[in-house]
Amino acid sequence: MKWSWIPDHAGDLVTITLLHLRMTGTAVFFGLLVALPLGLLAYRVPRLKSVVLGVSSLLFTIPSVALFTLLLPLTGLTPTTVVVGLTVYTLVVLVRNTVEGLESVPPKVAEAARAMGYDRVRTLVTVELPLALPVIMAGLRIATVMTISLVSVGLVIGQGALGQLFVDGFQRDFGVPIIAGIVITLLLALVADALLVGVQRVLTPWHRTGR
Amino acid sequence: MISFDAVNKRFDDGTTAVHELDLEVPEGEITVLVGSSGCGKTTTLRMVNRMLDATSGVIRIDGRDVREIAGSTLRRDIGYVIQQSGLFPHRTVADNIATVPKLLGWDKKRVRDRVEELMATVGLAADLGRRYPHQLSGGQQQRVGVARALAADPPILLMDEPFGAVDPVVRALLQDELLRLQAELRKTIVFVTHDIDEAVKLGDRIAVFRTGGHLVQFSTPAQLLTHPVDEFVADFLGAERGLKLLSLATLEDVPVRPTTTAREADESGGDEWVLVLSDQDTPLGWRSSSDRALIPAHGLSGGDSLLAGLDATVSSPTGLAVRVDAAGRYVGVSDQRAINESATRFRSEVLVP
Amino acid sequence: MGELFAEILRWFTTGEHWSGPDGVPAQVGTHLVYSVVATVIAALIALPIGLLIGHTGRGAFLAINLSGFGRALPSFGVVILAFQLSGLSLVPIYLALVLLAVPVMVTNTYAGMAAVDHDVRDAARGVGLTGWQVLWQVEVPLAFPLILAGVRIATIQVVATATIAAYLGFGGLGRYVFDGLAQRDLAQALAGAVLLAVVAIALDQALRALQKPLTPRGLRRSNR
């Protein structure tokens, strides 16, 4: 196997890795942006909860190849199609974890806050959300790692970022780009996950002493 | 009989749970292991049925080293009851109770009969057999736990804080029933608790453990209360040692004398307090002419404790404890002095071993 | 848009798309065979591992983190690599699908075992059940809902990944998507996507429906 392919294409690899990251970041960002308010709403309105979670799990079941293809009439063979599709999956994971996180807050704690004179919004923002953070962050980690690996499915419509390396290797019957794509994807996932663990430790200092 | 001979238990993390334990658990009695958390009492219990194995030393049941017997075989002959009962949530109450008989290969009819019998023994309605554990109250679950432990009629019963998770009223009830069952069954029971009152109430013998797995005292409740071996045991027994002692003696020998009684319908005469009795002669309460309201009085029988008698005299407006026979019919009253004299006599009997 | 919709509808109502070796029933069948064979083999590997780790408590770290690794693996890359390295046949595709399905089943099986109440396990041992009896009579029934959930998630994942078989020249529901895209026949690609989504959702619902009757009755808290 000609491993020299990798240094020879270092510049290209960096470019598509950055593209891969940008697509992941955009999907996770928009996913989070929609998921948080939707999760709060579902938590507050029990009747909405079953609908939101039901639709979510239905969407999650749709294979990514199918979802990307179904988005084609709207956004065409562009990176946007992949990003929109991945946003949907991110959203599903994050909504579920936001609701679960809020539900994991001991009712007595929220009650105590209210008893001391916090109104609903203040209780939500300063007590319930911070306490739900570990579960929400766990969802964010899952969503991020999952998105990093799913971007490559975009190869179906020619927009797989690192996934294009798989196509390249397959068409030229050459394993090195495929291996490079897999390894870089795994490394990205590992680093992103470690970073998010760090963020979580900073955001939830009360958990550090609790072990 | 269960005997511990120089038993030590050290865990992998280096902590010593049990230290050089020598103990003989007498047959047919309730032996209570008591102490604060981390004193090794539960570890001691769990070494009997080999849930844990001793690091050194020998534990024998009827002279036989428990380590000669395979753990699961040994355990089928030893009842085991734990806090929260540890019932199998996926099996009905009846199936839970039938666990050991089925392991032992009893035929279906025998198992069914035994389950029915046991449910009655522990005071569970027969129709609960088809329910699942989560459909029962805490007290009921604990009864199922006891029934399951008794299923194969094992000579030994190990109980690890079995009543720790139920409320005080239910706990007292379950304790009374355990004593009633024990009077009938005469099992060798090893009972772990951190509650000294429970230990005094249930134990024929009490073993007090100190942190680090040291057995500090092993004696009858009366000896323990009157002769704590050191400051640690005395502290552990708490402030009301004298009163606890009174809970061990009964009103049996306390003299009874008559008092003025009346029927519910009677008009009372003078200023004196009268004891109002029902038509069946059960005491209802005290009444005086100046105040028509009835102050309830609970009749005590010879089996009740001196402590209960003393409590009755303190809370009665006349300073008298009402006495009844086994059927609950009025026989007379006892005053505080009579109870005190009995208490003094009891104390001196215990003090002179 | 309306026109496209009509075209998709026309695709579905065209008789020849429903018969022969390239027809919808055949491709659905092929896709299900790929998925079921891979999931069953993966379950035969994953469940014993998960049960072993759960029962002994050894290797918990591995069991907990395995699903994260599985999630990070770019599934299409793994399948394409396996196919390309070892012989352009269905066997490496199956191997890759199995590899991708194992982690989540190990993790879920372990999670189910780890969630069994410590007191219940203690009591089971305490009344004299052997290790084997504790496993089969207590731990497995109690862990069953989570084990089954793991199998369900793995199945859906395998169904999604199996589309790549068509990309590599084999059958299955990916056929219509890839052919449609290659031939610039959007209606065919969309029809394939719809079929794929429907099959995945139907399978998921079927497995969910199975979950309830297979859950021990004492664990169905709703019948309180």
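The values are calculated or read from the model by the stated rules, or taken from the named source; none is laboratory data. Bear in mind the structure is a predicted one, so any value in this text is a computation, not a measurement. Neighbour counts are summed over all protein chains in view; Cβ atoms, including those assigned to glycine, are modelled from backbone coordinates with ideal geometry.
Quick look at the numbers
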| read-out | value |
| --- | --- |
| Residue satisfying all of: in region C:185-200; free of Cβ contacts under 8 Å to residues at least 60 places away in the same chain and over 14 Å from C:His31 (Cα atoms); nearest to the chain's Cα centre (by Cα) among these | C:Ala189 |
| Residue within region C:201-210 that is facing another protein chain (nearest Cβ under 8 Å) and more than 26 Å from C:Ala143 (Cβ to Cβ) present | yes |
| Odd one out for B:Glu240 among (1) more than 25 Å from B:Gly28 (Cα to Cα); (2) in contact (Cβ under 8 Å) with a residue 24 or more places away in the chain | (2) |
| Count of residues meeting criterion [polar (S, T, N, Q) and surrounded by fewer than 24 Cβ atoms within 10 Å (Cβ to Cβ)] in region C:158-192 | 2 |
| Set B:His194, B:His214: member being touching a Cys at 6+ places or on another chain (Cβ under 9 Å) and under 23 Å from B:Met1 (Cβ atoms) | B:His214 |
| Among (1) surrounded by 13 or more Cβ atoms within 10 Å (Cβ to Cβ); (2) over 27 Å from B:Ser348 (Cβ atoms); (3) at pLDDT 85 or above; (4) touching a Ser or Thr at 6+ places or on another chain (Cβ under 9 Å) - the single one B:Val256 does not satisfy | (2) |
| Strands (runs of 3 or more DSSP E) contained in region B:1-54 and holding at least 1 residues of a type in the set (Asp, Glu), over 26 Å from the mean Cα position of the chain (by Cα) and more than 18 Å from B:Ile156 (Cα to Cα) | B:2-10, B:16-25 |
| Residue match in region A:184-201 (condition: within 10 Å of chain C (Cβ to nearest Cβ) and loosely packed, with under 15 Cβ neighbours inside 10 Å) | yes |
| Count - residues of region C:165-182 that are within 18 Å of A:Leu150 (Cα to Cα) and within 8 Å of chain A (Cβ to nearest Cβ) | 4 |
| Criterion violated by B:Gln142 - all others in (1) at the interface with chain C (Cβ under 10 Å from one of its Cβ atoms); (2) in contact (Cβ under 8 Å) with a residue 12 or more places away in the chain satisfied | (1) |
| All positions within region B:286-309 that are surrounded by 18 or more Cβ atoms within 10 Å (Cβ to Cβ), modelled with pLDDT of 85 or more and either over 21 Å from the mean Cα position of the chain (by Cα) or not assigned by TED's automatic domain parsing to the domain that holds B:Arg337 (or both) | B:Trp286, B:Ala297, B:Gly299 |
| Boolean, B:Arg67 is in the same structural domain as B:Tyr132 (by TED's automatic domain parsing), among the charged types (D, E, K, R) and crowded, with 19+ Cβ neighbours inside 10 Å | no |
| A:Val34 farther than 15 Å from A:Gln159 by Cα and within 14 Å of chain C (Cβ to nearest Cβ) | no |
| Test result for C:Gly77, buried (at least 19 other Cβ atoms within 10 Å of the Cβ), closer than 30 Å to C:Val33 by Cα, more than 14 Å from chain B (Cβ to nearest Cβ) and more than 17 Å from the chain's Cα centre (by Cα) | yes |
| Helices (runs of 4 or more DSSP H) completely within region A:89-179 that count 1 or more residues being surrounded by fewer than 24 Cβ atoms within 10 Å (Cβ to Cβ), in contact (Cβ under 8 Å) with a residue 12 or more places away in the chain and more than 13 Å from chain C (Cβ to nearest Cβ) | A:107-115, A:120-123, A:129-150 |
| Qualifying positions in region C:65-114 - more than 16 Å from A:Ile148 (Cβ to Cβ), aromatic (Phe, Trp, Tyr) and touching a Phe, Trp or Tyr at 6+ places or on another chain (Cβ under 9 Å) | C:Phe83, C:Tyr94 |
| Where a residue in region B:308-322 is of a type in the set (Val, Ile, Thr) and its partner, wherever it lies, is at pLDDT below 90 and in a loop (DSSP other than H, G, I, E, B), with Cβ under 7 Å and at least six apart | B:Thr313/B:Gly319; B:Thr318/B:Trp273; B:Val322/B:Ala297; B:Val322/B:Gly299 |
| Any hit, region B:19-34, residues being modelled with pLDDT under 95 and among the polar types (S, T, N, Q) | no |
| Filter pass, B:Pro101 being within 14 Å of another protein chain (Cβ to nearest Cβ) and in a loop (DSSP other than H, G, I, E, B) | no |
| Residue within region C:63-70 that is closer than 30 Å to A:Gly139 by Cβ, more than 14 Å from chain A (Cβ to nearest Cβ), among the aliphatic types (A, V, I, L, M) and surrounded by fewer than 22 Cβ atoms within 10 Å (Cβ to Cβ) present | no |
| Single condition C:Pro48 does not satisfy, out of (1) farther than 18 Å from C:Ala149 by Cα; (2) under 24 Å from the mean Cα position of the chain (by Cα); (3) exposed (fewer than 13 other Cβ atoms within 10 Å of the Cβ) | (1) |
| Qualifying residue in region B:73-93 (condition: within 14 Å of another protein chain (Cβ to nearest Cβ), among the β-branched types (Val, Ile, Thr), surrounded by 17 or more Cβ atoms within 10 Å (Cβ to Cβ) and farther than 19 Å from B:Arg46 by Cβ) | yes |
| Set C:Ala123, C:Ala115, C:Ala154: member being at pLDDT 90 or above and under 17 Å from C:Ser35 (Cα atoms) | C:Ala154 |
| Condition broken by A:Ala27, with the remaining ones in (1) on the phi > 0 side of the Ramachandran plot; (2) crowded, with 23+ Cβ neighbours inside 10 Å satisfied | (1) |
| Within region B:284-321, tally of residues that are assigned to a loop (DSSP other than H, G, I, E, B) and in contact with a strand residue (DSSP E or B) (Cβ under 8 Å, 6 or more places away or on another chain) | 11 |
| Count of residues meeting criterion [at pLDDT 90 or above and among the small types (Gly, Ala, Ser)] in region C:29-69 | 8 |
| Matching residues in region C:108-124 - criterion: being buried (at least 23 other Cβ atoms within 10 Å of the Cβ), within 10 Å of chain B (Cβ to nearest Cβ) and not aliphatic (A, V, I, L, M) | none |
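Condition check ((1) more than 11 Å from chain A (Cβ to nearest Cβ); (2) under 20 Å from A:Val153 (Cα atoms)) across all residues:
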residue: C:Gly128; (1), (2): yes, no
residue: C:Trp132; (1), (2): yes, no
residue: C:Val138; (1), (2): yes, no
residue: C:Arg152; (1), (2): no, no
residue: C:Val159; (1), (2): no, yes
